[in-house]
Structure formats: structure tokens, C-alpha cells
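Data block below; observations after.
The values are calculated or read from the model by the stated rules, or taken from the named source; none is laboratory data. Quick caveat: nothing in here was measured; it's all calculated off a predicted structure. Backbone-built Cβ (ideal geometry, glycine too); neighbour counts: all protein chains shown. These accessible areas exclude ligands, DNA and RNA; they are computed on the full protein's heavy atoms, side chains included. Shrake-Rupley method; radii C 1.70, N 1.55, O 1.52, S 1.80 Å.
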Amino acid sequence: LGAPHCAAPGPICDSSRLLEGRGLVGPERNAPNAIGLPCADGDAGFFHIDESVDAIRIATLDGSPLAVGKGVEVRVKVWSYVDFVSDALDIYVAPDAGAPEWRHVTTQAPGSEGEGTLVARFTLGEGATQAVRAVFRFGGTAATCTSGIYDDRDDLVFPVAAGTPDTDVPQVSIASPGPDEVLGGATTLAAIATDDRGVVNRVEFLVDGARVATSWTSDAAGRFEAS
């Protein structure tokens, strides 16, 4: 499929060092390591000075083999430019690696220059051979195949055992503001969102049907916040 591929369902699938670097800029093997339609890496800059995706690792939260309905954690090792505030990582998942239809999981920003790891969690849907894509870009907007000259995107293909899909919707409640609370100026919104066995990926806050904020991360109690 043109990307690192684990052979059998296990608790972890890891690209190891196969993705290190970016296309012709660094020592990345078999670049561009992107399945589906051709999607070339940006060819500007220098290895481990400018942006690159260096590794992708997916693992179940409970240590059991990757299976339908399991909560998983994706860890993407990246190299960020000195102007890291312009960098962003987009993570996508496809339930069929042979004919990928990518679903956006999250967009995250690195917290520093140089080597770093960004983490996302979601629940595996149905599909025997799935894929996760990491797109690391300098500026621009989220897309599965960006055109930036410093952008890198890599895929990891992994087998998924049969299981029971997580069809029960998450439970969510507003934690802040409280009922009938009068607001003014900048406001912090908070919600508690949990799922019986899957992973709550994000919480979107709407006012009169219009989305005003999205939170991608929560604490141990399932509290999501956005301003």
C-alpha cells in the first residue's frame, strides 16, 4: 500500500524509524509513505531544522489487540521549526486502507521547536485493514494532502480484529456556565463528556445552533474547556 503496515492485530502498531525525515529533505525511506492518490512531500528546507513527521504509533488503551470498538491512542513524533507557532498537525483515520476515505480526528499544535510528540485518542470503527494519516504543515488549513513546501504527511496501516462497534452515544452535560448565568466579555465554556467504553474525541460548543468553539482535550474526569 506504499506505507508501513503491521502484519497482524496486536496491542500496538508502530512505524519505528521508517518515516523519519521528509521526502527528499531527510532520510525518509520509501517516501512519500502516503497511500491512495499521489501526495508528494514538500521539498524545501533541511532535515531536522524544518518540519517532518518522524514516527506514528497506535495502541489500544487497555493493552488488548486492536479491534473494532476499542479505544486507541495515536502518538505522532514530529520535528517542529523554530517558528513552531505556525506549525499544525492534522490526524485522520480511514476504515479501509485499500480505498481510503479519510475522517478528520483532530488538529493540534506543537508546544515547542524541535522534537515533540502529539497525542490523540479515538474509537476504532469497522474495517479489517485501517490506516491513520498524520499531516504536519507550516501554515495553511487542514487537508489530507496539503501543498506547502515544508509539509509532510505519512500513513500507518494496521490490521483490526473483529469486535463490537461502539454504537452508544457519549453522555455530555454543561459544566459552565451555570443555568441562567448572565455572561459578559470573554467566557470559558466547559462540559463533561464520557463514553461507556469508547473515547470522546472532542466537544463542540454551539450557541443558537452555531458552533462557537471546539475542545479537543479533556482531563481525567472528562472535562473539556474552550474560551
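Here are the numbers for this structure:
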{"quantity": "Filtered residues of region 120-132 (kept if part of a strand (DSSP E or B) and open to solvent by 10 Å² or more (accessible area, probe 1.4 Å))", "calculated": "Arg121, Thr123, Thr129"}
{"quantity": "First in region 104-122 and over 24 Å from Pro170 (Cα atoms), second anywhere and open to solvent by 20 Å² or more (accessible area, probe 1.4 Å) and not in a strand (DSSP E or B), Cβ under 6 Å, 6 or more apart", "calculated": "Pro110/Phe84; Glu113/Val82; Glu113/Phe84"}
{"quantity": "Set Val25, Val72, Val82: member being open to solvent by less than 60 Å² (accessible area, probe 1.4 Å) and out of contact with any Ser or Thr (no Cβ under 6 Å at 6 or more places or on another chain)", "calculated": "Val25"}
{"quantity": "Number of the exception - Val53 against (1) of a type in the set (A, V, I, L, M, F, W, C); (2) touching a residue at least 12 places away in the same chain (Cβ under 8 Å); (3) part of a loop (DSSP other than H, G, I, E, B); (4) more than 28 Å from Pro165 (Cβ to Cβ)", "calculated": "(3)"}
{"quantity": "Val203 open to solvent by 70 Å² or more (accessible area, probe 1.4 Å) and either without any contact (Cβ under 8 Å) to a residue 12 or more places away in the chain or not acidic (Asp, Glu) (or both)", "calculated": "no"}
{"quantity": "Yes/no for Ile56 being touching a strand residue (DSSP E or B) at 6+ places or on another chain (Cβ under 8 Å), of a type in the set (Val, Ile, Thr) and more than 24 Å from Val203 (Cα to Cα)", "calculated": "yes"}
{"quantity": "Residue in region 161-175 that is surrounded by 13 or more Cβ atoms within 10 Å (Cβ to Cβ) and at pLDDT 95 or above present", "calculated": "yes"}
{"quantity": "Among the candidates Asp196, Asp166, residue that is closer than 26 Å to Leu89 by Cβ, assigned to a loop (DSSP other than H, G, I, E, B) and of a type outside the set (A, V, I, L, M, F, W, C)", "calculated": "Asp166"}
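Let's see how each residue does on (1) small (Gly, Ala, Ser); (2) at pLDDT below 85:
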| residue | (1), (2) |
| --- | --- |
| Gly184 | yes, yes |
| Asp196 | no, yes |
| Phe205 | no, no |
| Trp216 | no, yes |
| Ala221 | yes, yes |
